[in-house]
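S.K.: Structure provided below as structure tokens; questions to follow.
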Amino acid sequence: MASLLELKEIFRSADAVCFDVDSTVIKEEGIDELAKFCGVGDAVAEMTRRAMGGTVTFKAALTARLGLIRPSYEQVQKLISDNPPQLTPGIRELVSRLHQRGVQVFLVSGGFQSIVEHVASQLNIPTANVFANRLKFYFNGEYAGFDETQPTAESGGKGKVITHLKEQFHFKKVVMIGDGATDMEACPPADCFIGFGGNVIRKQVKEKAKWYITHFDELLKELEER
């Protein structure tokens, strides 16, 4: 097992950094915001808590929550325009610094493609570097389920994305940063996991992560060390 010093060295020399989005890159949980917007906020927030605690499979939790929300295409677009996701302090500077160093930055999220792409555009991350769940809609815009073939739709999916990235781009060192159990379990195949508690602290992640931060400035400082 790598020591904290070794993890820091991996981060400084990484050729790719993958970020979780909900409660990491942005302050909110996208699915909870969508639920509130659609009038079923409390019931869905409780389901999210159970899913993040790792007691139910991700796909089961996602299916149940979306079955309650049943968001239309119009509601999703209106949520993005009326209540755009709030970036976590320090993330813009960190992503910019990683880009300057020639590091590839990816957003790997159990959230929804349309919301995550909006976040990516604010951070100058190309759409091709976004891996998230896709909602499906009927021709009239009504909710028609989600694309269950996406790796991010199931437990272990973030690890599958990282394996795919390593195979496609031959990355030597990939770092995963996130707040939840699904992020932590992506290491391995990620070479380093950094737990993030700047928006919400998940007890299980804080206790088990060798490297745990509460502000992105801590990572910016690591990059300046070199």
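The values are calculated or read from the model by the stated rules, or taken from the named source; none is laboratory data. Fair warning: this is a prediction, and the values are worked out from it, not measured in the lab. Note that we place each Cβ from the backbone using ideal geometry, even for glycine, and neighbour counts take in every protein chain shown. What goes into the accessible areas is simple: the full protein's heavy atoms, side chains included, and nothing from ligands, DNA or RNA. Shrake-Rupley method; radii C 1.70, N 1.55, O 1.52, S 1.80 Å.
S.K.: For the range 211-222, does any single residue satisfy the condition of being in a helix (DSSP H, G or I), within 16 Å of the chain's Cα centre (by Cα) and either under 23 Å from H99 (Cα atoms) or among the aliphatic types (A, V, I, L, M) (or both)?
M.R.: no
S.K.: Scanning for something touching a Phe, Trp or Tyr at 6+ places or on another chain (Cβ under 8 Å) and either under 21 Å from G197 (Cα atoms) or of a type in the set (D, E) (or both), does the range 111-131 turn up at least one residue?
M.R.: Taking every residue of the range 111-131 in turn, none turns out to be touching a Phe, Trp or Tyr at 6+ places or on another chain (Cβ under 8 Å) and either under 21 Å from G197 (Cα atoms) or of a type in the set (D, E) (or both).
S.K.: Can you confirm whether the range 31-52 contains a residue that is polar (S, T, N, Q) and touching a residue at least 40 places away in the same chain (Cβ under 8 Å)?
M.R.: Looking for residues that are polar (S, T, N, Q) and touching a residue at least 40 places away in the same chain (Cβ under 8 Å), one finds none in the range 31-52, hence no.
S.K.: Let me ask another. Quick test for you: out of R97, R101, R70, pick the one residue that is in contact (Cβ under 8 Å) with a residue 40 or more places away in the chain, farther than 16 Å from C18 by Cα, of a type outside the set (F, W, Y) and surrounded by fewer than 18 Cβ atoms within 10 Å (Cβ to Cβ).
M.R.: Matching residue, one of R97, R101, R70: R70.
S.K.: Filter the range 154-185 down to residues that are touching an Asp or Glu at 6+ places or on another chain (Cβ under 7 Å) and closer than 18 Å to N133 by Cβ, then give me how many there are.
M.R.: 8
S.K.: Return yes or no: is L94 in a helix (DSSP H, G or I) and more than 27 Å from D15 (Cβ to Cβ)?
M.R.: So L94 fails the test.
S.K.: Scan the range 154-186 for residues that are farther than 17 Å from S23 by Cβ and either β-branched (V, I, T) or without any contact (Cβ under 8 Å) to a residue 12 or more places away in the chain (or both) and report the count.
M.R.: Number satisfying all stated conditions: 9.
Residues are listed down the side, and each one gets a yes or a no for (1) modelled with pLDDT of 80 or more; (2) not aliphatic (A, V, I, L, M):
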position: S13; (1), (2): yes, yes
position: D22; (1), (2): yes, yes
position: E28; (1), (2): yes, yes
position: M47; (1), (2): no, no
position: A51; (1), (2): no, no
position: A60; (1), (2): yes, no
position: T63; (1), (2): yes, yes
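S.K.: Let me spell it out: the conditions are (1) acidic (D, E); (2) touching a strand residue (DSSP E or B) at 6+ places or on another chain (Cβ under 9 Å); (3) within 23 Å of T88 (Cα to Cα), and E207 meets all of them except one. Which number is the exception?
M.R.: (2)
S.K.: Before we move on, is V17 touching a residue at least 24 places away in the same chain (Cβ under 8 Å), in a helix (DSSP H, G or I) and touching a strand residue (DSSP E or B) at 6+ places or on another chain (Cβ under 9 Å)?
M.R.: no
S.K.: Which pairs turn up if I take residues in the range 127-143 that are in the same structural domain as V76 (by the TED database) and look for partners that are open to solvent by less than 10 Å² (accessible area, probe 1.4 Å) and among the small types (G, A, S) with beta carbon separation below 6 Å, at least 6 apart in sequence or on another chain?
M.R.: Final answer for the pair search is none.
S.K.: So which strands (runs of 3 or more DSSP E) stay within the range 110-210 end to end and still have 2 or more residues that are at pLDDT 90 or above and open to solvent by 30 Å² or more (accessible area, probe 1.4 Å)?
M.R.: Correct list: 135-137.
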